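Encoded as structure tokens, the structure appears first; notes follow it.
The values are calculated or read from the model by the stated rules, or taken from the named source; none is laboratory data. This one's a predicted model, so the numbers in the text were calculated from it and none came from an experiment. Ideal geometry is used to build each Cβ from the backbone, glycine not excepted, and the neighbour counts take in all protein chains shown.
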Amino acid sequence: MQERYGPEAPAFDLTGAEAVLEGMLRRGSCRAFTDAPVDPGLIELLCATALASPTKSDLQQRDIIVLRDPGLRQQLCDLVAGQAWVQGAPNLLVFCGNNRRQRRLHALRGHPFANDHLDAFFNAAVDAGIALSAFVTAAEAVGLGCCPISAVRNEAAAVSDLLGLPDHVFPVAGLALGVPVEGAQPMSMRLPLTQTVHVDRYNEDGLDAAIADYDQRRAAAQPYAQQRGVAAFGQAETYGWSEDKTRQYALPERETFGEFVRSKGFDLG
């Protein structure tokens with residue numbers, strides 16, 4: 001807890017739940033994998049486990065596409081070329097939001113679809129995110145490494161065409177999966193819980209000081225290997241989490257994603 005959230009993080013007695021909670025607290029994204037294969041049956045079991053996770057109103061608006069065809073895998077890797085490590089991932093999956101089945105149910109049962117607005121898209125996207133999180137937890141519990149690939153949304157239309165996604169089905173995130181290289185799952189420090197867990201009402205007292213302290217602690221323990229956007233922003237003398245994240249969002253990204261979502265038939269009004 002202290003390593004992840006800082007020296008003020010509380011300590012807990014994890015008796016009876018050490019393996020699960022400690023594994024979740026220590027988890028880190030894996031971007032380096034061995035050549036060891038993962039049994040397709042295990043991947044199917046992990047999909048089943050992920051889809052047992054909570055879903056809004058039991059609507060079950062999420063699907064998982066497991067890429068086994070080498071040609072399709074390569075094309076997906078090409079579409080997320082900015083993430084070069086993806087090429088070395090032995091297994092790739094794409095988690096999708098699916099509002100299509102719900103609309104089909106309305107056609108089958110003869111009821112109007114009265115909620116054709118932003119919430120229809122949002123519910124399906126959240127459902128897919130919950131399933132993705134459950135899959136990662138399950139996979140890491142059996143010794144595998146994972147890393148979500150949000151870059152599939154950089155080329156959402158092309159990924160959708162590649163996977164044959166019809167109207168009202170859309171990619172939320174990819175996932176790389178495999179046996180991790182030893183030491184390839186570093187644990188990223190997180191913001192202190194005093195800033196991210198609130199009681200009764202939102203409170204950001206002390207936020208600026210907490211960010212400055214977090215930047216300093218993280219830079220000392222987990223410095224960035226390289227600075228982002230040097231051509232646009234120059235080389236910073238001190239470079240921490242807040243500088244990295246603001247540089248990331250200071251440059252345009254996924255400006256056409258809303259247009260893509262509308263092209264899939266969603267009314268975001």
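Anything in the range 224-267 that is farther than 22 Å from S188 by Cβ, among the aromatic types (F, W, Y) and out of contact with any helix residue (DSSP H, G or I) (no Cβ under 7 Å at 6 or more places or on another chain)? List them, or say none.
Answer for the range 224-267, where residues must be farther than 22 Å from S188 by Cβ, among the aromatic types (F, W, Y) and out of contact with any helix residue (DSSP H, G or I) (no Cβ under 7 Å at 6 or more places or on another chain): there is none.
Look at D167 and say whether it is outside the structural domain of R101 (by TED's automatic domain parsing) and of a type in the set (D, E).
no
Could you please tell me which pairs satisfy a Cβ distance under 9 Å, a separation of 6+ or placement on different chains, a first residue in the range 235-262 that is under 30 Å from D116 (Cβ atoms), and a second residue that is of a type in the set (F, W, Y) and buried (at least 17 other Cβ atoms within 10 Å of the Cβ)?
R254/F260; F260/F170; V261/F121; V261/F170
State whether the residues of the range 86-97 include one that is of a type in the set (S, T, N, Q), touching a residue at least 60 places away in the same chain (Cβ under 8 Å), surrounded by 15 or more Cβ atoms within 10 Å (Cβ to Cβ) and assigned to a helix (DSSP H, G or I).
Scanning the range 86-97, I find no residue that is of a type in the set (S, T, N, Q), touching a residue at least 60 places away in the same chain (Cβ under 8 Å), surrounded by 15 or more Cβ atoms within 10 Å (Cβ to Cβ) and assigned to a helix (DSSP H, G or I), so the answer is no.
In the range 83-98, which residues are under 25 Å from K264 (Cα atoms) and out of contact with any His (no Cβ under 8 Å at 6 or more places or on another chain)? Don't jump to the end; show me each part of the working.
Narrowing the range 83-98 to residues under 25 Å from K264 (Cα atoms): 92-98.
Residues satisfying the conditions are L92, L93, V94, F95, C96, G97.
On the given criteria, is F113 under 21 Å from G269 (Cα atoms) and assigned by TED's automatic domain parsing to the domain that holds L46?
So F113 passes the test.
Give the residues of the range 252-269 that are part of a loop (DSSP other than H, G, I, E, B) and basic (K, R), sorted by residue number.
Those that are part of a loop (DSSP other than H, G, I, E, B) and basic (K, R): R254, K264.
Identify, from the list A9, A84, the residue that is within 15 Å of A176 (Cβ to Cβ) and among the small types (G, A, S).
After applying the criteria, what remains is A84.
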